[in-house]
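Worksheet: one structure, shown below.
The values are calculated or read from the model by the stated rules, or taken from the named source; none is laboratory data. Keep in mind that this is a model prediction, so the values were computed, not measured. Virtual Cβ from ideal backbone geometry, glycine too; neighbours counted across all protein chains shown. We work out accessible area using only protein heavy atoms, side chains counted, and drop any ligands, DNA or RNA first. Shrake-Rupley method; radii C 1.70, N 1.55, O 1.52, S 1.80 Å.
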Amino acid sequence: MGILEKISEIEKEIARTQKNKATEYHLGLLKAKLAKYRAQLLEPSKSASSKGEGFDVMKSGDARVALIGFPSVGKSTFLSLMTSTASEAASYEFTTLTCIPGVIEYKGANIQLLDLPGIIEGAAQGKGRGRQVIAVARTADVVIMMLDATKGEVQRSLLEKELESVGIRLNKQKPNIYFKPKKGGGISFNSTVTLTQCSEKLVQLILHEYKIFNAEVLFREDCSPDEFIDVIVGNRVYMPCLYVYNKIDQISMEEVDRLARKPNSVVISCGMKLNLDYLLEMLWEYLALTCIYTKKRGQRPDFTDAIILRKGASVEHVVSERVPSRPCRALATGAHQLSLASLSWP
């Protein structure tokens, strides 16, 4: 039995198993096995040929945004509208067959936008070049999930399932669990909160499934078995995601209002160029970028040359970004004074 067949069998057994106190340990073991097989599936094959066109695109600019979605939802049209890059767009599916990069210039920042080929159901298992698409999405700072507003919530749930199965966690925080394998001493389990989803016995069973018999585990929040498995595996990616519903000119106003009120969602129309400015504002907010302007002593600030930094950056980051070779001398001589209106002090 191959890995795909084993994954399918475990998923079927999880689906038909009732969730209650008597089956929680069995379900925990099944989820641990499922995570192991999925990790094996994503490992590159040693016998695979190295020939062929890859999706490797050099990371450039101040941030990277991955544009993913099913075929013919408007990704290429969106890229052409927001950047100076022309991506082929047509009414048939799979118009884009490789990764096409573009650059969005917004508030002095250069944001790299990657138009990825449309993925299909089963992409996590490699269908439709799904592995390459998802691998590039893992390197992004923000994911824009382009959805067809005329097809309801079907596309969103399928894409979330595909990304979830390969370790991409959308709009979630990393579980606050301390986990450290040891060479001896058995399993030390503690928690600072009351646990309602995991027990010490379940934690030990999951660790034994991964052949871990000596470790320190400390739960600082009430986490599920799936979140604990994510901590053990250690290769999960937590990133913000914007759900962008395109083609709103083809649905009713009531449906547009319903979609616009959903969390982390924006409604647009690439065909009629509706609400694109608001989408850029939301993207800037999700990237958490800050513009810093410098000035020479006795002169006005230069607002044409901004330093783009992540939210939470300190004055030291600003100086090292501007004068990386000698930051201390720059501070001492006052070669650049900071316009600190936009900096938040701790």
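Looking at region 168-196, which of its residues are open to solvent by less than 80 Å² (accessible area, probe 1.4 Å), in a loop (DSSP other than H, G, I, E, B), polar (S, T, N, Q) and on the phi < 0 side of the Ramachandran plot?
Matches in region 168-196: Asn176 only.
With the structure loaded, tell me whether Ser199 is among the hydroxyl-bearing types (Ser, Thr, Tyr), open to solvent by 10 Å² or more (accessible area, probe 1.4 Å) and under 25 Å from Ser8 (Cα atoms) or whether it fails that test.
Details: among the hydroxyl-bearing types (Ser, Thr, Tyr): yes; open to solvent by 10 Å² or more (accessible area, probe 1.4 Å): yes; under 25 Å from Ser8 (Cα atoms): no.
Spelling it out, it is not the case that Ser199 is among the hydroxyl-bearing types (Ser, Thr, Tyr), open to solvent by 10 Å² or more (accessible area, probe 1.4 Å) and under 25 Å from Ser8 (Cα atoms).
Of the residues that sit in region 260-303 and are modelled with pLDDT under 90 and β-branched (Val, Ile, Thr), which one is farthest from Cys241 (Cα to Cα)?
Thr294
Looking only at region 197-229, filter to residues that are on the phi < 0 side of the Ramachandran plot and basic (Lys, Arg); which one of those is nearest to the chain's Cα centre (by Cα)?
In this case the residue turns out to be Arg220.
Can you tell me which residues in region 140-153 are at pLDDT 85 or above and either open to solvent by 20 Å² or more (accessible area, probe 1.4 Å) or in a helix (DSSP H, G or I) (or both)?
If the condition is that a residue be at pLDDT 85 or above and either open to solvent by 20 Å² or more (accessible area, probe 1.4 Å) or in a helix (DSSP H, G or I) (or both), then Asp141, Ala149, Thr150, Lys151 are the ones that fit.
Which one is farthest from the chain's Cα centre (by Cα) among residues in region 2-25 that are open to solvent by 40 Å² or more (accessible area, probe 1.4 Å) and farther than 20 Å from Ser165 by Cα? Steps first, answer last, please.
Looking only at region 2-25, we keep the residues that are open to solvent by 40 Å² or more (accessible area, probe 1.4 Å), and these are 3-6, 8-9, 11-13, 15-16, 18-22, 24-25.
From what is left, the residues that are farther than 20 Å from Ser165 by Cα are 18-22, 24-25.
Values: Gln18: 31, Lys19: 29, Asn20: 32, Lys21: 33, Ala22: 35, Glu24: 29, Tyr25: 30 Å.
Among residues in region 2-25 that are open to solvent by 40 Å² or more (accessible area, probe 1.4 Å) and farther than 20 Å from Ser165 by Cα, the one farthest from the chain's Cα centre (by Cα) is Ala22.
Across region 2-57, which residue is farthest from Glu200 (Cα to Cα) among those that are at pLDDT 80 or above, in contact with a helix residue (DSSP H, G or I) (Cβ under 7 Å, 6 or more places away or on another chain) and part of a loop (DSSP other than H, G, I, E, B)?
Thr17
Pairs needed: first member in region 1-29, within 16 Å of Ser224 (Cα to Cα); second member anywhere, open to solvent by 70 Å² or more (accessible area, probe 1.4 Å); C-beta distance under 8 Å; at least 6 residues apart or different chains.
Tyr25/Lys201; Leu27/Lys19
What is the one condition in (1) open to solvent by 60 Å² or more (accessible area, probe 1.4 Å); (2) in contact with a strand residue (DSSP E or B) (Cβ under 7 Å, 6 or more places away or on another chain); (3) part of a loop (DSSP other than H, G, I, E, B) that Glu221 does not satisfy?
Exception for Glu221: condition (2).
Kindly provide the set of residues from region 103-133 that are at pLDDT below 85, small (Gly, Ala, Ser) and not in a helix (DSSP H, G or I), ordered by number.
Answer for region 103-133, where residues must be at pLDDT below 85, small (Gly, Ala, Ser) and not in a helix (DSSP H, G or I): Gly108, Gly118, Gly122, Gly126.
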